[in-house]
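Peer 1: The structure follows.
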Amino acid sequence: MIPLTKALERIKCPTDLINFIINLFKNRKLQVITAYGLSKGFYAGDGIDQGETISPLIWRIFYDPLLTRIKDIPEVGYRLITQWPSSEGTDINKTQHELKTSVVAYADDTAWIASNKKEMETIIGISNSFFKLNNIRINGDKSELLVWNAPKDVIKSIKMGTNNDLVVAKKPSQESKYLGVYIKSQAGSSHIVKRVKNEIKSMVNLLKYKKITESQVVYVNNVVLMARLEYWLKCTFLTQNQCRTLHNCMILLLKQKMRITKSANNNIFTHQGLVGMTSLLQHLRTAQYADFIVRINSQEWDGISTRIILRNAQLRAGLAGCILTIEPSKLLQVNIPNNFNFNILKDIKDQLFNFDAINVDDWHLDILDTTILDFLLQPNYNHNNTRLDHDLSERK
């Protein structure tokens, strides 16, 4: 228990509190409740038990020195960067906005993040020394490796765990589960959409032949199904048509239980003053809009990463004004696939919501000529002629 004691001393816990916590896990005698009464007592090994009320807090305190050590290595980790141009006269300067991350952890579920294989080996080497020091065994067979955009000549495998088990990278189309969220290295969200579709169908098949009322169907949909789908779709943008198509079979089930024709308008069933079923589109947009507003105002890494991604989107779209406050008509003309934050912002703008940016000038680009987007939005522009190509060639 010495490492735990040192970890508690590191965060300046009082001596009495340290002794109290250590005594909870030291020299414990346990008995098991059986059908025939209590078993004979036996001594448990020293350590933090899973499932204990205090375990998540204690594990975080104990694990924090390793996470801090990894985060403090400047040359290790993935960097999210945008080079933001600014012009003053003839001198061109660029301001760099950067976020570095090398680890994401919840309790003992840890994701190491690196820009290349050498960095990953450095992280694993440091973590293995920590685990060995504290007599913690890591099962390499339960570890998974995801690789994005690796060179073809790089061996996509790594050694993990106490026994140096070889972990081979998953194929781009294969997904991994981390904290209930499914991730794959291949671009796109088709795997999430497929999983959502199967979950809704499974729920419908489970309830189809049950003798339940429409109120029970609405409750299962609103309380059970929506919460599960919201979590899976935290970082997935679905269009209105996708949401309606996926959720339609659940509404058909409700119509069946109410003995109403299938051709009845779905608005009857999702109206909160009538049946009150929450649609997937309504629930998802409410949750994602709220999350976006929290992120964009956050000063932590979630807010920093969101703003960097939006800055990159603004540069890619060629928008001179702040992407958060620009008029919706311009933003709706831009399409950037697989950019979740941009698509959420675009959808918010489509609903005529607006933002008051405190540092709006920091997002402004000094563009001396007409942007391509402004040119395309001119009322007299004919999309079928070649004038745009001619003008662009003159401005190069």
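Peer 1: Can you pull out the residues in the range 276-318 that are crowded, with 16+ Cβ neighbours inside 10 Å, in a helix (DSSP H, G or I) and small (Gly, Ala, Ser)?
Peer 2: Hits for the range 276-318 are ALA287, SER305, ALA313, ALA317.
Peer 1: Conditions: (1) surrounded by 15 or more Cβ atoms within 10 Å (Cβ to Cβ); (2) within 20 Å of ALA287 (Cβ to Cβ). VAL223 meets all but one. Number of the miss?
Peer 2: Here VAL223 clears every test but (1).
Peer 1: Given the conditions (1) of a type outside the set (D, E, K, R); (2) modelled with pLDDT of 80 or more; (3) farther than 19 Å from ILE2 by Cβ, and given that GLY51 satisfies all but one, which numbered condition is not satisfied?
Peer 2: The single condition GLY51 does not satisfy is (2).
Peer 1: Restricting the range 110-150 to residues that are under 21 Å from the mean Cα position of the chain (by Cα) and exposed (fewer than 13 other Cβ atoms within 10 Å of the Cβ), which is farthest from SER185 (Cα to Cα)?
Peer 2: Across the range 110-150, the extreme among qualifying residues is ASN149.
Peer 1: Can you tell me how many residues in the range 273-320 are free of Cβ contacts under 8 Å to residues at least 40 places away in the same chain, aliphatic (A, V, I, L, M) and under 19 Å from VAL334 (Cα atoms)?
Peer 2: 2
Peer 1: When the range 60-82 is examined, which residues are found to be over 13 Å from ALA107 (Cβ atoms) and either surrounded by fewer than 17 Cβ atoms within 10 Å (Cβ to Cβ) or charged (D, E, K, R) (or both)? Reasoning before the result, please.
Peer 2: Going residue by residue through the range 60-82, those that are over 13 Å from ALA107 (Cβ atoms) are 65-66, 68-82.
PRO65, THR68, ARG69, LYS71, ASP72, ILE73, PRO74, GLU75, TYR78, ARG79, LEU80, ILE81 - these are the residues of the range 60-82 that are over 13 Å from ALA107 (Cβ atoms) and either surrounded by fewer than 17 Cβ atoms within 10 Å (Cβ to Cβ) or charged (D, E, K, R) (or both).
Peer 1: Could you figure out which of (1) modelled with pLDDT of 80 or more; (2) outside any loop (DSSP other than H, G, I, E, B); (3) exposed (fewer than 13 other Cβ atoms within 10 Å of the Cβ) isn't true of ASN335?
Peer 2: (2)
Peer 1: What are the residue pairs meeting all of these: first residue in the range 143-168, first residue more than 18 Å from ASN116 (Cβ to Cβ), second residue part of a loop (DSSP other than H, G, I, E, B), Cβ atoms under 6 Å, and 6 or more apart or on different chains?
Peer 2: Pairs that qualify, where the first residue is more than 18 Å from ASN116 (Cβ to Cβ) and the partner is part of a loop (DSSP other than H, G, I, E, B), are GLY161/ILE138; GLY161/ASN139; THR162/ARG137; THR162/ILE138.
Peer 1: Farther than 28 Å from GLY318 by Cβ, among the acidic types (Asp, Glu), in contact (Cβ under 8 Å) with a residue 12 or more places away in the chain and not assigned by TED's automatic domain parsing to the domain that holds ARG10, is that true of GLU98?
Peer 2: no
The values are calculated or read from the model by the stated rules, or taken from the named source; none is laboratory data. No experiment lies behind these values; they were computed from the predicted model shown. When we count neighbours, we look across all protein chains shown, and the Cβ atoms used for this are built from the backbone with ideal geometry, even at glycine.
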